[in-house]
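Since the structure comes first, as structure tokens, the remarks are kept for the end.
The values are calculated or read from the model by the stated rules, or taken from the named source; none is laboratory data. Small disclaimer: the values here were computed from a predicted structure and weren't measured. Cβ placement follows ideal geometry from the backbone for every residue including glycine, while neighbour counts extend to all protein chains displayed.
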Amino acid sequence: MMGDREDGNGTAQRLTLREAMLGAANELAAQGVDEARSNAELLLLHVLGMERSQLLRDFGEPFPADKAEAWTELVRRKALGEPIQYMIGEQWFYGRPFAVTPAVLIPRPETELLVEAVLEAADKLWPPEAEPAPTVVDVGTGSGAIAVTLASQRPRWRLCASDLSPDALAVARTNVARHEADGRIAFVQGDLLAPFVPGRDKTEHAGLRIDVLVSNPPYIPAADMEGLQREVRDYEPHLALVGGEDGLDPYRRMIDQLPQLAVLPRIVAFELGIGQPRLVAAMLERMSAWDDIRIITDYGGIERHVIATQSQPRE
């Protein structure tokens, strides 16, 4: 049992919290888990229900016997590659905690840059007190991290979050309630922009005038799935990962659907995979609908986002 060790006389002794964490970190490292010590600490905080400051204070205390079985199981699951965010049920994004389950992708730090780009571009077109405030649609919302963050940062904006997966929408609704955005974000189940095309589906959002379209759709090429980290390949939902043979199918389909909307969005913002942004930027340029198309690099210097903006309103 991971909560015990033997003294020099062969008598079982309770491990301290520090010893339990270090032992778990060594086991995780031996199984090829990246950032083993950080993961072990997060699991320990979770199983003990502690804040980090409490753990640092109590590192020398014995590991509680009633938590040993749960602790052993958590370390075993992590050693097999399960993402810690699914194990503890949470991931932070833009300074807020979001519930996550295996039904949704785990929000990534680089997506925060997409949110910032949308906020910056939209503020130029719709100043804080402008009327009417923009209507923003987050396609493929997953956990709802983008939609909830935009709603929290700009309370006057009207938000709509869509996803093909009803299970993902259930997680997004949980996060909307958690961050007190109830009544400010509408939910739509459907495939990409299809629910918003006038006359196509008899839904209340068909024909919605979309001012800002933001999306982080599946963009992994099918052939690349096998080479992904096991944490991603074996645990995160493939529906939200695979974007067809070259990873660009969702972008092609959305760009084809854009002219079918009631009006072209003045801002279109996409997150993409490595090597994809310039290809999608070229697709948008061929439409000649936006006078500024920019590519944004992520924290690692990789081209990651495309944002197209039309500075003048359309009639």
Residues of the stretch 252-300 being acidic (Asp, Glu) and within 16 Å of ALA122 (Cβ to Cβ), which ones?
-> ASP291, ASP292
Residue under evaluation ALA186, criteria (1) surrounded by fewer than 18 Cβ atoms within 10 Å (Cβ to Cβ); (2) within 18 Å of PRO265 (Cβ to Cβ); (3) touching a helix residue (DSSP H, G or I) at 6+ places or on another chain (Cβ under 7 Å), criterion not met = (3)
Does the stretch 176-189 contain any residue that is over 23 Å from GLU120 (Cα atoms), assigned to a helix (DSSP H, G or I) and assigned by TED's automatic domain parsing to the domain that holds SER215?
-> yes
Any hit, the stretch 196-219, residues being in a helix (DSSP H, G or I), surrounded by 15 or more Cβ atoms within 10 Å (Cβ to Cβ) and at pLDDT 85 or above | yes
Selection status of ALA168, out of contact with any Leu (no Cβ under 6 Å at 6 or more places or on another chain) and either without any contact (Cβ under 8 Å) to a residue 40 or more places away in the chain or among the β-branched types (Val, Ile, Thr) (or both) | no
Condition met for ALA170 (assigned to a helix (DSSP H, G or I), aliphatic (A, V, I, L, M), within 18 Å of the chain's Cα centre (by Cα) and surrounded by fewer than 21 Cβ atoms within 10 Å (Cβ to Cβ)) = yes
Just to be sure, is GLU303 over 30 Å from PRO127 (Cα atoms) and among the charged types (D, E, K, R)?
-> no
What about VAL118, is it of a type in the set (A, V, I, L, M) and either loosely packed, with under 15 Cβ neighbours inside 10 Å or more than 11 Å from the chain's Cα centre (by Cα) (or both)?
-> yes
Does ILE220 fit the bill of being of a type in the set (Val, Ile, Thr), under 21 Å from the mean Cα position of the chain (by Cα) and closer than 21 Å to PHE98 by Cβ?
-> no
For ALA133, the lone unmet condition from (1) on the phi < 0 side of the Ramachandran plot; (2) surrounded by 20 or more Cβ atoms within 10 Å (Cβ to Cβ) is (2)
Scan the stretch 224-266 for residues that are buried (at least 18 other Cβ atoms within 10 Å of the Cβ) and among the basic types (Lys, Arg) and jot them down.
-> ARG266
Could you grab the pairs with beta carbons closer than 9 Å, sequence gap of 6+ or different chains, first residue in the stretch 231-251 and in the same structural domain as LEU164 (by TED's automatic domain parsing) and farther than 8 Å from PRO221 by Cβ, second one among the acidic types (Asp, Glu) and in a loop (DSSP other than H, G, I, E, B)?
-> GLU231/ASP34; GLU231/GLU82; ASP234/GLU82; TYR235/GLU82
Is it the case that GLU120 is in the same structural domain as ALA147 (by TED's automatic domain parsing), free of Cβ contacts under 8 Å to residues at least 24 places away in the same chain and either assigned to a helix (DSSP H, G or I) or among the hydroxyl-bearing types (Ser, Thr, Tyr) (or both)?
-> yes
Can you spot a residue in the stretch 267-276 that is aromatic (Phe, Trp, Tyr), surrounded by fewer than 19 Cβ atoms within 10 Å (Cβ to Cβ) and in the same structural domain as THR135 (by TED's automatic domain parsing)?
-> no
